[in-house]
Amino acid sequence: MAVHNEIAPGYLAGTAIVDYHHPEVRQQATRLAAGRISTLDVARRCYEFVRDEIAHSFDIGGEAVSCSASEVLQLGHGICYAQSHLLAALLRSNGIPSGFGYQRLKDDEGGFCLHGYNSVFLPEFGWYRIDARGNTGIIDAQFAPPQVRLAFATDELGEIDYNVNLAAPLTGVVTALQSSVTVDELRRNLPSNIPMG
């Protein structure tokens, strides 16, 4: 099991996308950690806040596109990538290392798109994968370490769980979010895989 001081600094870094230095993000992170003693409790609170309080744009018919953690928090919704940016920012603001993971899933048009989630370093369990996409009648993602309960399985032909733990979001994901004005436009620009090599 990895120990905290062996974790690369990028997993705690603030960036333009994971902008935990933003006053509203920092304030929300502080609220979520209030009265909590353990890393596990703080991580669970951050996760449940994003999963339950930040809607997935597709679920609510949202039009605006958010990318950075502060944009997601201000807008109150985002797609999975944006939600993962906010969750990473809330965790990192509280000194909890967090990364990014991706799955290649079949989409509604018969093609594929990437789905984004997070990893979090929990002292009791090591790196643990979490998915704050938001639950629906058929999606039941949970924070239940050591059991991993992501929003989606990769059971269909061509689907892939890359099982990566990246310190920064994929460039293609950030580009798709930042270059799309509406959620409908974004839906057409979603990346379909992780570039290899």
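The values are calculated or read from the model by the stated rules, or taken from the named source; none is laboratory data. These figures come from a predicted structure and were not determined experimentally. Here the Cβ is made from the backbone with ideal geometry for all residues, glycine too, and neighbour counts use every protein chain on show. Ligands, DNA and RNA are stripped out before the accessible areas are found, and what is left, the full protein with its side chains, is counted by its heavy atoms. Shrake-Rupley method; radii C 1.70, N 1.55, O 1.52, S 1.80 Å.
Observations
- Pairs meeting the criteria (first residue in the range 43-62 and within 12 Å of L32 (Cα to Cα), second residue of a type outside the set (S, T, Y) and open to solvent by 70 Å² or more (accessible area, probe 1.4 Å), beta carbons under 7 Å, at least 6 apart or on different chains) are R45/R36.
- So S93, is it within 17 Å of I17 (Cα to Cα), surrounded by 13 or more Cβ atoms within 10 Å (Cβ to Cβ) and out of contact with any Cys (no Cβ under 8 Å at 6 or more places or on another chain): yes
- Among the numbered conditions (1) out of contact with any strand residue (DSSP E or B) (no Cβ under 6 Å at 6 or more places or on another chain); (2) open to solvent by less than 40 Å² (accessible area, probe 1.4 Å), the only one that N189 does not meet is (2).
- Neighbours by Cβ (under 8 Å, 6+ apart or cross-chain): first from the range 138-156, at negative phi; second surrounded by fewer than 16 Cβ atoms within 10 Å (Cβ to Cβ) and not in a loop (DSSP other than H, G, I, E, B): D140/R149; A141/R149; Q142/R149; F143/E48; F143/R149; T154/I160
- Selection status of R44, closer than 14 Å to R133 by Cα and at pLDDT 95 or above: no
- Tallying residues that are in contact (Cβ under 8 Å) with a residue 24 or more places away in the chain and either touching a helix residue (DSSP H, G or I) at 6+ places or on another chain (Cβ under 6 Å) or among the hydroxyl-bearing types (S, T, Y) (or both) within the range 157-175 yields 3.
- Checked against (1) open to solvent by less than 30 Å² (accessible area, probe 1.4 Å); (2) within 15 Å of P97 (Cα to Cα), N165 passes all but condition (1).
- Meets criteria (surrounded by fewer than 24 Cβ atoms within 10 Å (Cβ to Cβ), in contact with a helix residue (DSSP H, G or I) (Cβ under 8 Å, 6 or more places away or on another chain) and assigned to a strand (DSSP E or B)) for L105: no
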